[in-house]
Amino acid sequence: MIKVRKLTKIYRMGKVEVPALREVDLDIPKGQFVAIMGPSGSGKSTLMNILGCLDRPTSGEYYLDGDDVSKKSDNQLAEIRNQCIGFIFQSYNLLSRIDATSNVELPLIYRGVPPRERRDRAIKALEAVGLARRAGHKPNEMSGGEQQRVAIARAIVGGPKVILADEPTGNLDSRSGEEIMVIFQELHRQGITIVLVTHDPDIARHSERIISLKDGRILSDEMVQDPLDARELLAAMPQPDVSA
């Protein structure tokens, strides 16, 4: 699904060149769940932005599902983002003035999907993340975990080939984070390719492969022998105290 060869990204600040990625080679098969780790400045965000067609490499090649996207025009990259990639961010990036359903519909508006079909697909996506009952609520009426589930519904509503998640549990408590990982593991079982950036080694161990970056290079690339099962971990957690 994802193939990069000698991927290099250099940022120029005046006369100073700052390499963010240094000739990275990487293959991610269709349907794999990959976690990317590394300290600040390791190149994680740069790699994610290039994989998401939000940025271009300075040199090297990037193939998405066999298509060389490293030399596409801006309009072509925008179409690839809309048709093939679902994005999930730490800060949710929801529009505060519209409800959950309308937020989930947004990618379909850009595709020109008719209103009734948009609404039906958005409701189904919210059902898939367990939020159908909150479809009419606005983001400020939801918890952080619920907002992130809306963001996941928005990412999957268009049937993406790849989901890119940047610190999706970073703003959440342990229980809410585990609920999010339940959803990711279910999407993985459905055959969706997932690339997740995280600083948390326990979150990374929910994936089947962990890639560690340092100084713009791949430091290690290992399969996870015994991935953590989010459903089991969630079931073992104490129930939240709702009495107040």
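The values are calculated or read from the model by the stated rules, or taken from the named source; none is laboratory data. Just so it is clear, the model here is predicted, and its values are computed rather than measured. In this analysis, Cβ positions are derived from the backbone assuming ideal geometry, glycine residues included, and neighbour counts consider all displayed protein chains.
Below, the figures for the structure above:
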read-out: Region 135-156, residues that are β-branched (V, I, T) and either under 13 Å from L172 (Cα atoms) or buried (at least 24 other Cβ atoms within 10 Å of the Cβ) (or both); value: V150, I152
read-out: Within region 77-91, considering residues that are touching a residue at least 60 places away in the same chain (Cβ under 8 Å) and over 9 Å from G52 (Cα atoms), the one surrounded by the fewest Cβ atoms within 10 Å (Cβ to Cβ); value: S91
read-out: Criterion (over 14 Å from S174 (Cα atoms), β-branched (V, I, T) and at pLDDT below 95) met by exactly one of V242, V195; value: V242
read-out: Matching helices (runs of 4 or more DSSP H) fully within region 153-244 where at least 2 residues are closer than 21 Å to G38 by Cα and under 13 Å from the mean Cα position of the chain (by Cα); value: 174-189
read-out: Sole exception among (1) modelled with pLDDT under 95; (2) in contact with a helix residue (DSSP H, G or I) (Cβ under 7 Å, 6 or more places away or on another chain) for H206, by number; value: (1)
read-out: Residue selected from region 82-138 under the condition farther than 20 Å from I194 by Cβ and among the polar types (S, T, N, Q), by the criterion modelled with the lowest pLDDT; value: S96
